[in-house]
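As C-alpha cells, the structure follows; a few thoughts come after it.
The values are calculated or read from the model by the stated rules, or taken from the named source; none is laboratory data. Everything quoted here is computed from the prediction, not taken from an experiment. So basically every Cβ, Gly included, is an ideal-geometry build from the backbone, and we count neighbours across all protein chains shown.
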Amino acid sequence: MTGRFVIQKLFRALLTIWIIVTFVFIVMRMSGDSVLMIFGPDVDPNAMETLRKEWGLDKPIWQQYLYYIGNIFQGDLGKSYLDGRAAFDVVMERLPKTLSLMGVTAIFTFLIGIPAGIFSALHHNTRTDRATMTLAVMGLSIPNFFLGVLLILLFSVTWQLLPSAGSESALHFIMPVITMATAEASVFARFTRSAMLEVLNQPYIRTALAKGVPWKTVVREHAFPNAAIPTVTIAGFFVGSLVVGGVVTENVFAWPGVGRLLVSAVANRDLAVVQMAVFLIAFSMVAANLVVDFTYGWLDPRVRDLRAENSGEGT
Amino acid sequence: MKTKLITPMALIGMFFFTLLFGTVLPTNADADSHRDFKVAVQKLPAVLEPMRVNSNVHMRILFNVGESLLKIDYKNGFKIIPSLARSWKRLDDRTIEFKLRKGVKFHNGEEMTAEDVAFSFGEERFFHKKRGWILAQMYLGHLNKPEVINRYTVRISAKRTDFLLEKRMASYMSEIISKKAFLAAKDWETWSRNIVCTGPYKLVEIKTGDYIKLEAFTGYWGKRAPVDSILFKSIPEVAARIAGLKTGEYHIATDIPPDQLKNIDSYRGTSTVGGPIPNIRAVQIDTTNKVLGNKEIRQALAMAVDRQLIVDSLYYGRATVPNGFQVKMSGNMWIEDFKGLSYNPKKAKALIRKAGYKGELIHYRVQPNYYTLEVATAEILVEMWKAVGLNVKMEIVDNWSQVLKNDESRHLVNMSHTAFYMDPEGLLWRRMGPKSPFRFPNIYGGKEPFCYVPAAFDEWGQQMLTTTSKQKRRQAVREMLKIVDSEAFQISLHTMPIFYGIRDEVNWTPYPSEFMDLMAGNLSFK
C-alpha cells in the first residue's frame, strides 16, 4: 500500500462525503419550509416570518450554504430547531443505540450467513443446498417493515413472548435483530456459497487433497481464507445496508437510534439534525468502504502487487 | 463431502445468544404495577415549555405538569373554575384581579407568588421577542404586562375588551412558571427542556423522540397524583402501539385510527375510548383562480358532500357532522339552529349549471394521511364531487410547503381548524379573520392570499371581539357563520375525533380535548 494510494483514497472519501452533504443541504431546503413542517399551517404569519429570520431561512440558499460551511470550520454544526440543542449532541445521543443494534445484527449476520454459505457450498447440488438457498432467497425478499410487523403480531400479540417495541432490555433486541439479520445473513450466505464453490474448484484444492491433506484442513486453511476475499468486499456494502435497514427497523420497533431520528428530522425539516445524521451515515459508509479497500490489498497479495505496479513502485 | 465445521460456529452463536438474551424476562411486567403508568404515543414534543411549542402532542402532556390561574372543568359543562388563583374578579371589560392560592409550591420547592405570575407573562419570557412572543403572541398578544398588587394578588389586563380573558387564563400558554428556576437555567432552550411548574406531576426527563418521564410531585397543593410516575413513550408505528397495549406493556395507547377500534374492542382486556375534540376537518378553497373564483362553484362543492356518510363509513359514527364552522363545546356561543351548508346534490348540480361550468380541472392537494384517513376521505370527496359533475383530481404531495405552494394548481387543500378556548373567536376569527394565514399574501409564495373575505365578516368579527353583551356576540357569530357559508371559501367536513386504546383495569375518561388528564379524580384502577 503506497502513500499515494492512501492519499488518493482519502481524498475521494472526503469528496464523496462533501458531495452527499451538499446534495442533502440543497434538496432539503428546496423541498419544504422547516417552519411550516414543524408548526403546521396553524401558526401565525408573524411567527412564521420571525422563525424564518431566526433560523436564517429567509436568506438565499447559496448564502445559507456558505454560513453552514463557515460554521463547520468553526466547529458549529448547527442547532436542532425542535429542541434547540446542538445537532451534534442530538445525533450522538442516539448513536449508541444504533451501534448496539447494528453490532448485534452484524454478529448474527456473520454467525448465520457465513456458516450457511459454507455449509451450502460443501453440500453443493443436494437438497440441503437447495433448501438453504431457498431460505436465503426468501430472507432476502421479505421487506423489513413486513417482517417486523409480522414478528410483532406473532411474538408480542399472539404468543406474548417478547416486548413489542423499545430498547430497554436485552429482550428488546430479539425482533429487530431478526428483522435486520434475516436479509443480511441471506446476502452473506449467497456470497459465501458462490465464493466457496469457486475456490473449491481451483487446482490448488485438488492438489492439497491429492497430497493427502485432510478435508477439514483443506476447507479451513485453503478454501475458506481464499473465499473470504470477495466476502470482505460485500462487508463495505453491508454497513450501508445495515444503515438503510436500521432506518426502517428502528421505526417499526420504536428503537431510539439514529435511523428513527433521521426519519423524524426529515419529516420536520429539522435541517441541522438531518445534515448531521447524513454526515454521520455517509462517513460510516465511506469509512467502511475505505477499510475494505485497504484490507483487500492486505488480504490479497495480487491486488497489493497490482497497486504497487500502477503507482510505479512495483517491480 | 461432509463437514462438522458448522458445529463450532453454532456453539459460538449459542454463546452470544445466551450472553445477550440470558437476562431475566419479561419487561412487560411493569404494567402489573399501576404505580408506573405507561402511555404509548405516536409522537412526543421535543420540549415542554408551552411558549416554545404549539402542538396537540404537547398539550396532551403539559397540563399534568403546568397549571394556570384558572382551569376548565371538562366534566361540568366546561365551566371556568379556580386553580392557582383561589378567586378572581372582573374589574372592567379588560381587567381581572386574581387572588392567589397560598402555599402553592413549585416543583423546586419554592412558593408561588404574584411575582411568578407577573414573570410568566413578563419581559423575559412572554414579551421577549425571541422567546415566548414568537408563538404565544397569537393567543396572548393583546395583553398588558401584569400588575403585582401584593404577594398574593395580581391584575392581568388586555389592551382591548376581552370577553375571553378568563378562558385565556385557563388555557394553553397561560401556565405559571417559577421565576427563580427560569433565571437559574442556562438559556431559553435549556429551560424549555427543564420547566418548573406547580402541577401534580413534575418533569423528570425528556429523551427527545423516545420518551418523556413525569413523577408525582409530593408537595402538590391539591390531591396527590394517582400514580408514582408516567412514561409517555413514543411508538410511531400503530401496530406496535396496539401490540404493546394488548400485551400490557402500556396502559393507554393514543392516536388509534378508526379502522382499528373494532380490533381493540374485541380483544380481551382492552377497549377504546374517545371521540370528537373541538376541531373541524375542512377543505380550504383558493378563491383567487378563475374557476373557484365563482362562489356558485364553491357552494356546489360544499353541497355535494354527504358528511354523514363520511362519518358513518370511515369513523363508524364516532365523529359528528358540525353545524358549519362552530363546535358544540362553545357553550352559549353555540348557534344551535344554524345548520350550515348541508348535503344537497340537486342544488349543487343546479348551481354548477348556473355558473356555466364546463368541466375545467380542479386540483385537490392531499398529503398521505397527515390527517386521520386523509386519503380515504379525499377519495370519497372526489367521487361525491364527480357525482354532481365537478372534475376534481386528487394529487398526493409530500408536505405542507407543497400543499400550500401558491401556483396555478393550488385549488383545494385539506385543513383542520381547532376552536381555541372552545369559542368562535378561537376558530372563526383566528382562522378566517384578518390575521389568518390564509388572508396574508406572500407567505406561501405568489402575490395573492388564499382567499378574499368580505369586509362584513371583519366588521361582525370586531363586534364579537369588543362587545360584552352575550346577545350581540351571538348575533355577530351567526352573521359570520352565514358569510362563511355564503362565500364558501371553506368546506366543513366533520369534527375530528381522537381515539385511545385502554386496558380494562384502568379507569380513565378522555376529555373533548387533546389534553390527557392523568390526575386524581380522572385516573384510577379497578
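Only one of B:Leu91, B:Leu70 is modelled with pLDDT of 95 or more, of a type in the set (A, V, I, L, M) and either touching a Phe, Trp or Tyr at 6+ places or on another chain (Cβ under 6 Å) or buried (at least 19 other Cβ atoms within 10 Å of the Cβ) (or both); which?
B:Leu70
Within the range B:356-379, how many residues are of a type in the set (Lys, Arg) and either in a helix (DSSP H, G or I) or touching a residue at least 60 places away in the same chain (Cβ under 8 Å) (or both)?
0
Yes/no per residue for (1) part of a loop (DSSP other than H, G, I, E, B); (2) more than 19 Å from B:Asn108 (Cα to Cα); (3) modelled with pLDDT of 95 or more:
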residue	(1), (2), (3)
B:Leu135	no, yes, no
B:Arg160	yes, yes, no
B:Ala170	yes, yes, yes
B:Ile176	yes, no, yes
B:Leu203	no, no, yes
B:Glu215	no, no, yes
B:Ala225	yes, no, yes
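Can you tell me which residue is farthest from the chain's Cα centre (by Cα) among those in the range A:11-33 that are more than 14 Å from every other protein chain (Cβ to nearest Cβ) and closer than 30 Å to B:Asn406 by Cβ?
Start the filter on the range A:11-33 by keeping residues that are more than 14 Å from every other protein chain (Cβ to nearest Cβ), which leaves A:11-26.
Remaining after also requiring closer than 30 Å to B:Asn406 by Cβ: A:22-26.
On the way: A:Thr22: 20, A:Phe23: 19, A:Val24: 18, A:Phe25: 21, A:Ile26: 23 Å.
In this case the residue turns out to be A:Ile26.
So which pairs qualify, if the first residue must be in the range B:380-409 and more than 10 Å from every other protein chain (Cβ to nearest Cβ), the second must be surrounded by fewer than 20 Cβ atoms within 10 Å (Cβ to Cβ) and of a type in the set (Asp, Glu), the Cβ gap must be under 9 Å, and the two must be at least 6 apart or on different chains?
B:Ile380/B:Asp306; B:Met384/B:Asp306; B:Asn391/B:Glu360; B:Met394/B:Glu379; B:Asn406/B:Glu448; B:Ser409/B:Glu395
Please go through the range B:427-446 and give me each residue that is touching a residue at least 24 places away in the same chain (Cβ under 8 Å) and either of a type in the set (Gly, Ala, Ser) or more than 17 Å from B:Phe489 (Cβ to Cβ) (or both), ordered by number.
Answer for the range B:427-446, where residues must be touching a residue at least 24 places away in the same chain (Cβ under 8 Å) and either of a type in the set (Gly, Ala, Ser) or more than 17 Å from B:Phe489 (Cβ to Cβ) (or both): B:Gly433, B:Gly445, B:Gly446.
Identify, please: which residue in the range B:132-157 is among the hydrophobic types (A, V, I, L, M, F, W, C) and more than 25 Å from the chain's Cα centre (by Cα) and is, among those, surrounded by the fewest Cβ atoms within 10 Å (Cβ to Cβ)?
B:Ile149
If I ask for residues that are away from chain B (no Cβ under 14 Å) and outside any helix (DSSP H, G or I), which ones from the range A:205-226 would you list?
Residues satisfying the conditions are A:Lys211, A:Gly212.
Can you say whether B:Lys180 is over 28 Å from B:Ser416 (Cβ atoms), surrounded by fewer than 17 Cβ atoms within 10 Å (Cβ to Cβ), at pLDDT 95 or above and not assigned by TED's automatic domain parsing to the domain that holds B:Tyr315, as far as the supplied structure shows? Before you say what the answer is, go through the steps one by one.
Working: over 28 Å from B:Ser416 (Cβ atoms): yes; surrounded by fewer than 17 Cβ atoms within 10 Å (Cβ to Cβ): yes; at pLDDT 95 or above: yes; not assigned by TED's automatic domain parsing to the domain that holds B:Tyr315: yes.
It is true that B:Lys180 is over 28 Å from B:Ser416 (Cβ atoms), surrounded by fewer than 17 Cβ atoms within 10 Å (Cβ to Cβ), at pLDDT 95 or above and not assigned by TED's automatic domain parsing to the domain that holds B:Tyr315.
Where in the range A:25-114 are there helices (runs of 4 or more DSSP H), lying fully within it, with 3 or more residues that are modelled with pLDDT under 90?
Details: elements: A:34-39, A:45-54, A:61-73.
Ranges flagged: A:34-39, A:45-54.
Looking for something in the same structural domain as B:Thr509 (by TED's automatic domain parsing), surrounded by fewer than 24 Cβ atoms within 10 Å (Cβ to Cβ) and modelled with pLDDT of 95 or more - is there at least one such residue anywhere in the range B:282-289?
So in the range B:282-289, the residues in the same structural domain as B:Thr509 (by TED's automatic domain parsing) come out as none.
Taking every residue of the range B:282-289 in turn, none turns out to be in the same structural domain as B:Thr509 (by TED's automatic domain parsing), surrounded by fewer than 24 Cβ atoms within 10 Å (Cβ to Cβ) and modelled with pLDDT of 95 or more.
Can you give me the ranges of the helices (runs of 4 or more DSSP H) entirely in the range B:236-323 with at least 1 residues that are under 24 Å from B:Met432 (Cβ atoms) and not aliphatic (A, V, I, L, M)?
Here the list reads B:295-303, B:307-315.
Could you tell me how many of the residues in the range B:63-79 are of a type in the set (Phe, Trp, Tyr) and touching a Pro at 6+ places or on another chain (Cβ under 8 Å)? Spell out how you get there, then give the answer.
In the first step, residues of the range B:63-79 are kept if they are of a type in the set (Phe, Trp, Tyr); the result is B:63, B:74, B:78.
Now restrict to residues that are touching a Pro at 6+ places or on another chain (Cβ under 8 Å): B:74.
Matching residues across the range B:63-79 total 1.
Any residue in the range A:170-199 that's within 12 Å of another protein chain (Cβ to nearest Cβ): show its pairings with residues that are surrounded by 22 or more Cβ atoms within 10 Å (Cβ to Cβ) and among the charged types (D, E, K, R) at Cβ separation under 9 Å, as long as the two are six or more apart or on different chains.
A:Pro176/A:Glu250
Condition check ((1) more than 18 Å from A:Leu151 (Cβ to Cβ); (2) in contact with a helix residue (DSSP H, G or I) (Cβ under 6 Å, 6 or more places away or on another chain); (3) touching a residue at least 60 places away in the same chain (Cβ under 8 Å)) across all residues:
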residue	(1), (2), (3)
B:Phe217	yes, no, yes
B:Pro226	yes, no, yes
B:Ile230	yes, no, yes
B:Lys233	yes, no, yes
B:Ala239	no, yes, no
B:Thr247	no, yes, yes
B:Ala253	yes, yes, yes
B:Leu261	yes, no, yes
B:Ser266	yes, no, no
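Within the range A:180-219, which residues are among the charged types (D, E, K, R) and surrounded by 19 or more Cβ atoms within 10 Å (Cβ to Cβ)?
A:Glu184, A:Arg190, A:Arg193, listed by residue number.
Out of all the residues in the range A:1-54, which are among the aliphatic types (A, V, I, L, M) and in contact with a Pro (Cβ under 9 Å, 6 or more places away or on another chain)?
A:Val43, A:Met48
Looking only at the range A:43-67, count every residue that is at the interface with chain B (Cβ under 7 Å from one of its Cβ atoms) and of a type outside the set (S, T, N, Q) and tell me the total. It would help to see each step written out before you state the result.
Taking the range A:43-67 first, the residues at the interface with chain B (Cβ under 7 Å from one of its Cβ atoms) are A:43-48, A:50-51, A:54.
When the remaining residues are screened for being of a type outside the set (S, T, N, Q), the result is A:43-45, A:47-48, A:51, A:54.
Matching residues across the range A:43-67 total 7.
Which residues, taken from the range B:467-526, are out of contact with any Cys (no Cβ under 8 Å at 6 or more places or on another chain), aromatic (Phe, Trp, Tyr) and either buried (at least 19 other Cβ atoms within 10 Å of the Cβ) or assigned to a loop (DSSP other than H, G, I, E, B) (or both)?
Once the filter is applied, which keeps residues that are out of contact with any Cys (no Cβ under 8 Å at 6 or more places or on another chain), aromatic (Phe, Trp, Tyr) and either buried (at least 19 other Cβ atoms within 10 Å of the Cβ) or assigned to a loop (DSSP other than H, G, I, E, B) (or both), the range B:467-526 yields B:Phe499, B:Tyr500, B:Trp508, B:Tyr511, B:Phe515.
Only one residue in A:Gly84, A:Gly103, A:Gly113 is within 11 Å of another protein chain (Cβ to nearest Cβ), among the small types (Gly, Ala, Ser), within 30 Å of A:Val199 (Cβ to Cβ) and free of Cβ contacts under 8 Å to residues at least 24 places away in the same chain, so which one is that?
A:Gly103
How many residues does the range A:243-271 contain that are hydroxyl-bearing (Ser, Thr, Tyr) and either modelled with pLDDT under 90 or under 25 Å from A:Met30 (Cβ atoms) (or both)?
To start, the set of residues in the range A:243-271 that are hydroxyl-bearing (Ser, Thr, Tyr) comprises A:249, A:264.
Now drop any that are not either modelled with pLDDT under 90 or under 25 Å from A:Met30 (Cβ atoms) (or both), which leaves A:264.
Residues in the range A:243-271 being hydroxyl-bearing (Ser, Thr, Tyr) and either modelled with pLDDT under 90 or under 25 Å from A:Met30 (Cβ atoms) (or both): 1 in total.
Does any residue of the range A:147-161 turn out to be of a type outside the set (Val, Ile, Thr), within 11 Å of chain B (Cβ to nearest Cβ), out of contact with any Gly (no Cβ under 9 Å at 6 or more places or on another chain) and not in a helix (DSSP H, G or I)?
Within the range A:147-161, the first condition is being of a type outside the set (Val, Ile, Thr), and the residues that meet it are A:147-148, A:150-151, A:153-156, A:159-161.
Narrowing further to those that are within 11 Å of chain B (Cβ to nearest Cβ): A:148, A:150-151, A:153-156, A:159-161.
With out of contact with any Gly (no Cβ under 9 Å at 6 or more places or on another chain) added as a condition, the list becomes A:148, A:150-151, A:153-155, A:159, A:161.
Applying the additional criterion that residues be not in a helix (DSSP H, G or I) yields A:159, A:161.
Yes - at least one qualifying residue is present in the range A:147-161.
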